[in-house]
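Have a look at the structure below before the remarks.
A short reminder: the numbers here are calculations on the coordinates, not readings from a lab. It should be emphasised that the depicted structure is a prediction, and the values quoted were computed from it without experimental measurement. Counting neighbours? That spans all protein chains shown, and the Cβs are built from the backbone with ideal geometry, glycine included.
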Amino acid sequence: MNESNSSSTNRHLAAIMFVDIVGYSTLMYKNESKALKCVKKFEEIFRSNVPQVGGKLIKFLGDGSMAEFPTALAAVTCARKVLDELAKHNAGVEEAERFNIRIGIHLGEVVEDNGDLFGDAVNIAARVLTLADPGGMALTNVVYSQVKNKITLCGTYLSRIKLKNIPERSQIFVVPPAGTSYSLWYLRKHKPGLAITIAILLILTSLGGGWFAFYRHTPDRLALLYIESQDEDSGMARLIEEEINQKISSVNGIEWID
């Protein structure tokens, strides 16, 4: 089709958002009724929030959707609203009725044809979606650079990554789900081995009050945990230290000395 001769086709800059329901295929296989209820609720939340910031719903894709926004800020603002509303929904229903989504956003030129969108920007947004955590979002560098001085986003850049069918490596900024322990989440993204070790320590600490109490009441035994960080990021080291201090100090029978 010759785009210049089509009155239904135009090119413009837009922020493209893709959203999908995490684990939908498995859920549909296990419980079709629940899967359909999740889709219905998701569509309800999405339809109500996209227009509020000047966005336009392009289409639903079974377990997901695509929308466009006039600016990166509008797209990220909508993403946060959608995630917040879903979190409130999940908090007010039984476990069996809860579900999660993930969001990917990119800013670029798109081709609009008969109400649908095409182009590299659409493809990149769809690829970026797969890098988001359940309950979180993933933004290309161009999106994050547009919003970082306007709103506060707690997150981190991933190492440059090759997206499918995209020639250049992309720099992606990911935002964790609300309520996530940021220090451990950060380590999972950059130093997964260390993250697993610390997670095990925290789990043992939270579950092992009786074990530690046994050592406290036995004079000839002593339990000592010593952790030394060699991470060049001193700020991150402090976050990890605070996380461990908080967990261990809350266990009965332990006198925690910083």
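Annotations
- Net length gained if the chain between LYS59 and LYS30 were fully extended (0.36 nm per residue, minus Cα distance): 7.8 nm
- Taking each residue as 0.36 nm, the span from LYS88 to THR9 lengthens on full extension beyond its C-alpha to C-alpha distance by 24.5 nm.
- Global form of region 1-99, assessed from the alpha-carbon gyration tensor, a/c cut-off 1.5: oblate
- Simple spin-label estimate for THR156 and LYS40 in nanometres, 7 Å along Cα-Cβ: 4.1 nm
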